[in-house]
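**Student:** Sending over a structure as structure tokens; questions will come in a sec.
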Amino acid sequence: MIIIDGPAELSGELRVQGAKNSALPLLAAALLCKGQTVLHNCPDLSDVNTALAILEQLGCRCRREGHDLTVDSAMTSWEIPEELMRGMRSSIVFLGAMLARCGRARLCFPGGCELGPRPIDLHLSSLRRLGVNIDESGGWLDCSAPQGIQGAYVSLAFPSVGATENLILAAVCGTGTTIIANAAREPEICDLCEYLNRCGGRIYGAGESCVIVDGVKELFGCEHRVMPDRIAAVTYMAAAAVTGGNVTLRDVDNTHILPMLAPFEESGCEVRQLGGCLNIMAPRRLGAVRHIRTMPYPGFPTDAQPVVMSMAAVGRGASVFVENIFENRYRHADGLSRMGASVKVEGKVAVVEGVERLTGASVEAADLRGGAALVVAGLAAEGVTRVGAAEHIRRGYEGLCGCLADLGARIRETEL
Ligand code: EPZ
């Protein structure tokens, strides 16, 4: 549980963690590359620990020293046990790497956040086009590529981040060329491809809608620094915004922040970006964030929607949210309402009428980013807020309480 005594006014500076959603596919890629890979700036998160456990289960040797992870890649098994698969949705990204490395993979359907049905149909249909046989009986995926991975033209019905990553990982050592149309353009895809190309891969167009992968014979591990976490950054920006704070973030990739700036500027925050730093100064009372519609990158990211809703909850005026990526990503609205927010959810649309002041309450995190939104709201609320099921939050934020306390929040974490 996380306990917050609000309201707070945040000020000071903090270094933003490395990106969870980049570290996870990079760790899967390390399985694929022979020899040793060293990943710098790897955040200390439970999801990263789950990925390390999967790598060890498959035969790799992993070592962590602070934020540096070393992976000695080897494969002695091609099966991921159920408890590891269920622990994290993104474990599906190991599928492509396992097939590329040894042509076999057996894993069960992935778990992860309850953001609505998290299908993997695009992953499976794409891999089948690369010559992978997949037997889905009994809730398990039994995959094999008897002739190895054959390059092909694949068009994604939706620019799925995970499916794009799986395709690239499967095809990078395949025979021939793979063309991915309607590929996801998220920065994490670029980070993955930069690493793979430095290991000897030949991938072109990362970050664009069409990615071309020229299969190579084998890859050898190298050193790579994980990019900054843009969603952690926007979380701390929202915390500064709701508390009328003045906060400077270091180790930020400012281009990744651009798609998320509008609600901050519309609600009266002053954001200055210089090099790898960002400073945000918030007014005493926020204006409304007006209209937020989540879209694939470079649109407004769905992962930023919950914490921006916490801003709208205390803004002056009404804000409209349209969640176009996940079917059930307003579960934080219950907790915000318990704190006195006025949130009306109708399917993909949520209308938020800002209130003068939220009131501390006992609430429950339903997923990673929704939990973070409740913490942000607790910083602005009058009185004590208790956020239960905080283990969801630890999946994606390294030392969230410590970082916020350093900025002046009265916040602590307790084991129930
Ligand atoms: C990645 O999830 C991120 N996770 C998510 O962040 C992020 O919200 C999401 O991309 C969108 O940006 C990681 O990178 C580990 P998708 P992913 O495949 O790959 C549907 C967080 O909080 N879909 O782009 O699972 C899917 O149901 C997490 O850090 C299919 O229908 O996202 C969803 O509605 C949450 N079939 C939409 O596409 C498929 O085969 C986007 O999913 C795959 C996806």
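Computed from the coordinates by the stated procedures, all read-outs in this text should not be read as laboratory data. As the structure is a computational prediction, the values presented were derived from the model and not from experiment. Heads up, the Cβs are rebuilt from the backbone with ideal geometry, glycines too, and the neighbour counts pull from every protein chain shown.
**Student:** Can you tell me the equivalent ellipsoid semi-axes for region 238-288? Use √(5λ) from the Cα gyration tensor, largest first, whole Å.
**Tutor:** Numbers: eigenvalues 68, 29, 11 Å².
Equivalent ellipsoid semi-axes, largest first: 18, 12, 7 Å.
**Student:** If you line up the long axis of helix 368-380 against the longest principal axis of the chain, both from Cα atoms, how many degrees apart are they, to the nearest 10?
**Tutor:** Once rounded, the angle reads 20 degrees.
**Student:** Additional query: Please arrange Thr175, Thr302, Thr76 by how many other C-beta atoms lie within 10 Å of their C-beta, fewest to most.
**Tutor:** On the way: Thr175 15, Thr302 18, Thr76 9.
Ordered from fewest to most neighbouring Cβ atoms within 10 Å, Thr175, Thr302, Thr76 come out as Thr76, Thr175, Thr302.
**Student:** Another question about this same structure. Among rounded, prolate and oblate, which fits region 66-211 when a ≥ b ≥ c are the square roots of the eigenvalues of its C-alpha gyration tensor, a/c under 1.5 means rounded, and a/b larger than b/c means prolate?
**Tutor:** Because its axes are fairly even, with a/c under 1.5, region 66-211 counts as rounded.
**Student:** Evaluate the distance, in nm, between pseudo-label points positioned 7 Å from the Cα of His40 and of Val384 along their respective Cα→Cβ axes.
**Tutor:** 4.4 nm
**Student:** From the helices alone, meaning DSSP H stretches of at least four residues, give me the mean residue ellipticity at 222 nm for the chain, per-run term -39500 (n - 2.57), in deg cm²/dmol to the nearest 500.
**Tutor:** Mean residue ellipticity, 222 nm, calculated: -9500 deg cm²/dmol.
**Student:** Ok, one more. What size of dipole, in debye to the nearest 20, comes out for the chain about its Cα centre when the only charges are +1 on Lys and Arg C-beta atoms and -1 on Asp and Glu C-beta atoms?
**Tutor:** The calculation lands at about 360 debye.
**Student:** In the neighborhood of Cys143, defined by Cβ-to-Cβ distances under 10 Å, what is the net charge if each Lys or Arg adds +1 and each Asp or Glu adds -1?
**Tutor:** 0
**Student:** Give the shape of the chain as rounded, prolate or oblate, defined through the alpha-carbon gyration tensor: a ≥ b ≥ c are the square roots of its eigenvalues, a/c under 1.5 means rounded, and otherwise the shape is prolate if a/b is larger than b/c and oblate if not.
**Tutor:** On the way: a/c = 1.89, a/b = 1.82, b/c = 1.04.
Note, shape of the chain comes out prolate.
**Student:** May I pose another question? When DSSP assigns beta bridges and you keep just the ones with both residues in region 243-400, what percent turn out antiparallel, to the nearest 5?
**Tutor:** Among the beta bridges of region 243-400, antiparallel pairing accounts for roughly 70 percent.
**Student:** Set the Förster radius R0 to 30 Å, insert the Cβ-Cβ distance between Tyr153 and Met75 as r into 1/(1 + (r/R0)^6), and round the FRET efficiency to 0.05. Don't jump to the answer; show the numbers that get you there.
**Tutor:** Numbers: r = 29 Å, r/R0 = 0.95.
It comes to 0.55.
**Student:** Can you say what percent of the DSSP beta bridges in the chain, counting only those with both residues inside, are antiparallel? Round to 5.
**Tutor:** In the chain, DSSP labels about 70 percent of beta bridges as antiparallel.
**Student:** I want to verify a result. In a Gaussian network model of the chain, Cα cutoff 10 Å, which of these has the top mean-square fluctuation: Leu84, Leu27, Leu169?
**Tutor:** Leu84
**Student:** If you don't mind, there's one more thing I want to ask. Which FRET efficiency value, to the nearest 0.05, do you get for Glu218 and Val322 by plugging their Cβ-Cβ distance into 1/(1 + (r/R0)^6) with R0 = 35 Å?
**Tutor:** Using R0 = 35 Å, I get an efficiency of 0.20.
**Student:** Take Leu274 and Ala262, extend 7 Å from each Cα along the Cα→Cβ direction, and tell me the distance between the two endpoints in nm.
**Tutor:** For the pair Leu274/Ala262, the computed spacing is 2.8 nm.
**Student:** To continue, here is another question. Of the candidates Gly201, Gly383, Gly138, which one comes out as most mobile in a Gaussian network treatment of the chain with C-alpha springs shorter than 10 Å?
**Tutor:** Taking springs between Cα atoms under 10 Å, the residue moving most is Gly138.
**Student:** Which residues in region 127-159 have a backbone N closer than 16 Å to a point placed 7 Å from the Cα of Thr177 along the Cα-to-Cβ line?
**Tutor:** 150-155
**Student:** Additional query: In terms of the Cα gyration tensor, with a ≥ b ≥ c the square roots of its eigenvalues, is region 345-416 rounded because a/c is under 1.5, prolate because a/b exceeds b/c, or oblate?
**Tutor:** oblate
**Student:** For Ser362, Ser126, which order do you get if you count the other beta carbons within 10 Å of each Cβ and list the fewest first?
**Tutor:** On the way: Ser362 14, Ser126 25.
So the ranking, lowest neighbour count to highest, is Ser362, Ser126.
**Student:** Order these by the 10 Å Cβ neighbour count, fewest first: His67, His256, His291.
**Tutor:** Listed from fewest to most nearby Cβ atoms, that is His291, His67, His256.
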